[in-house]
Amino acid sequence: MTVFLNGKYSPRDEATVSVDDRGFLFGDGVYEVITAYRGRPFRLNAHLERLRYGLAALRINSVDPEIFRQVGRKLLADNELTGSDCTLYIQVTRGVAPRLHSFPPENTQPTVYMSVTPLSAGARSPNKTITAILIPDFRWSRCDIKSVSLVANVLARQRAIDAGVKEAILVRDGVALEGTFTSLFAVFRNEVVTNPNSNYILHGVTRDVVLELCKAQGITCRETPIFEQEIRQAQEVFVTSTSMEIVPVIELDGKPVADGKPGRLTKRLQAAFQDVITSFLEQPDDSWEK
Ligand SMILES: Cc1ncc(COP(=O)(O)O)c(C=O)c1O
């Protein structure tokens, strides 16, 4: 595979980063994950906007996310993936500098990386379901930044895997906030609920698509806290992400969610999401444009 690193396109195994890179030493950087359906990036503007937000939060000012339109397009072409479903990955770190916590000199060039990976067969299966556990959220309080410092998410996800489930739902101050790599939704009294955006969750791009779908489908949806005590009694629970789209959670802490089957509104939203992708692919392809 050809990847992009600091202005150069090269085979993946020839692209190397310095041991003094601030991403390696401090996790001092941000990233983005975008799905391209048949080679067309979905919601690219929203992803680049979130990247811009993260870079501004980290005060990395010299990278303009707009470059990734051209780089992404070229990577798909160079890897012969222009018609394939794939994942685009972007990472920007503060660059290479002697190991001091404070910012390096102004002229330090950020490390800029982008790659593309074909989606595995079955990744988009509509019949996927997951199981999850609830665990305390021990992340920092800037979860709205898509930071590469993911060690808390790594430990939480491994706790899920060790418990024999797929996802850990993170609970802070009695609120079930989100998964380690997913946004969280629940259904109570036939209303879809998701936590309001704040510094305690990532502002999910797929979450926004689901909010739009609820509106379009006439499904009542409220952005209000999902309490740990209540989620156990939810009619439905589902999670969303760029790579998983919408996936029902059928079991929480070893107990079935309602009857343990994907819920009615979850299935409706899954179908509506597929319709959005279908119509996105039917439109003239301006997905790389602003
Ligand atoms: C912590 C967290 N929450 C939510 C999401 C879902 O965000 P998106 O829908 O933009 O992929 C992710 C995706 O990686 C995530 O890491």
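Straight-line reach from Lys290: which lysines have Cα under 17 Å away, leaving out those fewer than 8 places along the same chain?
Lys74
For the chain, what does the helix formula give at 222 nm: sum of -39500 (n - 2.57) over DSSP H segments with n ≥ 4, over the residue count, nearest 500 deg cm²/dmol?
After summing the helix terms and dividing by residue count, I get -8500 deg cm²/dmol.
What size of dipole, in debye to the nearest 20, comes out for the range 158-282 about its Cα centre when the only charges are +1 on Lys and Arg C-beta atoms and -1 on Asp and Glu C-beta atoms?
Values: 13 positive and 17 negative charges, 47 e Å.
Charge dipole, the range 158-282, about its Cα centre: 220 debye, nearest 20.
Just order 190-200, 280-290, 263-273 by mean Cβ neighbour count inside 10 Å, highest at the front, would you?
Details: 190-200: 16.8, 280-290: 11.2, 263-273: 18.6.
So the order, starting with the most tightly packed, is 263-273, 190-200, 280-290.
Leaving out ligands, DNA and RNA, what percent of the accessible area of the chain is carbon and sulfur, probe 1.4 Å? Intermediate values should be presented prior to the final figure.
Details: 7210 of 14090 Å².
Carbon and sulfur atoms account for 51 percent of the accessible area of the chain.
Using 0.36 nm per residue of separation minus the Cα-Cα distance, give me the extension gain between Glu66 and Glu106 in nm, one decimal. Numbers along the way, then the final one.
On the way: separation 40, 0.36 × 40 = 14.40 nm, distance 2.14 nm.
Between Glu66 and Glu106, full extension yields an extra 12.3 nm.
Mind checking which of Gln158, Gln109, Gln70 has the largest fluctuation in a GNM of the chain, springs on alpha carbons under 10 Å?
Gln70
Would you mind pulling out the separation of the Cα centroids of the range 171-204 and the range 111-137, in Å?
The range 171-204 and the range 111-137 have Cα centres separated by 18 Å.
Name the residue from Val63, Val116, Gly95 whose Cα lies farthest towards the positive end of the charge dipole of the range 58-125, charges +1 on Cβ of Lys and Arg and -1 on Cβ of Asp and Glu.
About the Cα centre, the residue reaching furthest to the positive side is Gly95.
Is the shape of the range 109-152 rounded, prolate or oblate, going by the alpha carbon gyration tensor and its root eigenvalues a ≥ b ≥ c, with a/c under 1.5 for rounded and a/b larger than b/c for prolate?
On the way: a/c = 3.64, a/b = 1.12, b/c = 3.26.
Taking the square roots of the gyration eigenvalues as a ≥ b ≥ c, the range 109-152 is oblate.
According to the square roots a ≥ b ≥ c of the eigenvalues of the Cα gyration tensor, what is the shape class of the range 1-149, taking rounded for a/c under 1.5, prolate for a/b larger than b/c otherwise, and oblate for the remainder? If you can, show how the numbers build up before the last one.
Working: a/c = 1.87, a/b = 1.22, b/c = 1.54.
The shape class here is oblate.
For the chain, find the longest principal axis of its Cα atoms and tell me its angle to the long axis of helix 205-217, 0 to 90°, nearest 10.
The angle comes out near 40 degrees.
Which whole number in µm²/s is D for the range 147-265 by Stokes-Einstein, with the Kirkwood Rh taken over Cα pairs at 25 °C and 0.890 mPa s? All intermediate terms of the calculation are to be shown ahead of the outcome.
Values: Rh = 14.5 Å.
Here the translational diffusion coefficient equals 169 µm²/s.
Excluding residues on the same chain fewer than 8 positions from Lys166, give the aspartates and glutamates whose Cα lies under 14 Å from its Cα.
Partners found: Glu178, Glu251, Asp253.
Multiplying the sequence separation of Lys215 and Arg142 by 0.36 nm and subtracting their Cα-Cα distance, what value in nm do you get?
Separation in residues times 0.36 nm, less the Cα-Cα distance, equals 23.4 nm.
Given a 1.4 angstrom probe, what's the average accessible area per residue across the chain, in square angstrom?
Per residue, the chain has an accessible area of 49 Å².
Which cysteines in the chain lack any other cysteine whose Cβ sits under 4.7 Å from their own Cβ?
Cys86, Cys143
Top mean-square fluctuation among Ala234, Ala186, Ala176, Gaussian network model of the chain, C-alpha springs under 10 Å?
Ala234
For a test of the definition: using alpha carbon positions, the gyration tensor, and the 1.5 limit on a/c, classify the range 91-134 as rounded, prolate or oblate. Please list the in-between numbers first.
Values: a/c = 6.23, a/b = 2.30, b/c = 2.71.
Oblate shape, in that a/c is at least 1.5 and b/c is the bigger or equal ratio.
Work the Kirkwood hydrodynamic radius out for the range 148-208: mean of 1/r over every pair of different alpha-carbon atoms, inverted, in Å. Spell out each step's value before the answer.
Details: mean 1/r = 0.0794 Å⁻¹.
Kirkwood hydrodynamic radius for the range 148-208: 12.6 Å.
For the chain, what size does the Cα cloud have along each of its three principal axes, sorted from largest down, in whole Å?
Projected onto its principal axes, the Cα set of the chain covers 55, 45, 31 Å.
Based on Cα coordinates alone, diagonalise the gyration tensor for the range 70-198, multiply each eigenvalue by 5, take square roots, and list the semi-axes in whole Å, largest first.
Working: eigenvalues 191, 124, 40 Å².
They are 31, 25, 14 Å, listed largest first.
Find which of Leu44, Asn79, Ala176 sits farthest along the positive direction of the dipole of the chain, computed with +1 on the beta-carbon of Lys and Arg, -1 on that of Asp and Glu, about the Cα centre.
The listed residue farthest towards the positive side: Ala176.
Could you pull out every one of the aspartates and glutamates with an alpha carbon less than 14 Å from that of Lys215, ignoring same-chain neighbours closer than 8 positions?
Excluding near neighbours in sequence, the set is Glu191, Glu223.
Taking the Cα centre of the chain as origin, work out the dipole magnitude from +1 charges on Lys and Arg Cβ and -1 charges on Asp and Glu Cβ, in debye rounded to 20.
Details: 34 positive and 35 negative charges, 41 e Å.
For the chain, the charge dipole is close to 200 debye.
Between the helical axis of 44-58 and the dominant principal axis of the chain, each derived from Cα atoms, what acute angle in degrees is found, rounded to the nearest 10?
That works out to roughly 70 degrees.
The values are calculated or read from the model by the stated rules, or taken from the named source; none is laboratory data. Predicted model only: the values in this text are computed from it and were never measured. Counting neighbours? That spans all protein chains shown, and the Cβs are built from the backbone with ideal geometry, glycine included. Note: areas computed on protein heavy atoms with side chains; ligands, DNA, RNA excluded. Shrake-Rupley method; radii C 1.70, N 1.55, O 1.52, S 1.80 Å.
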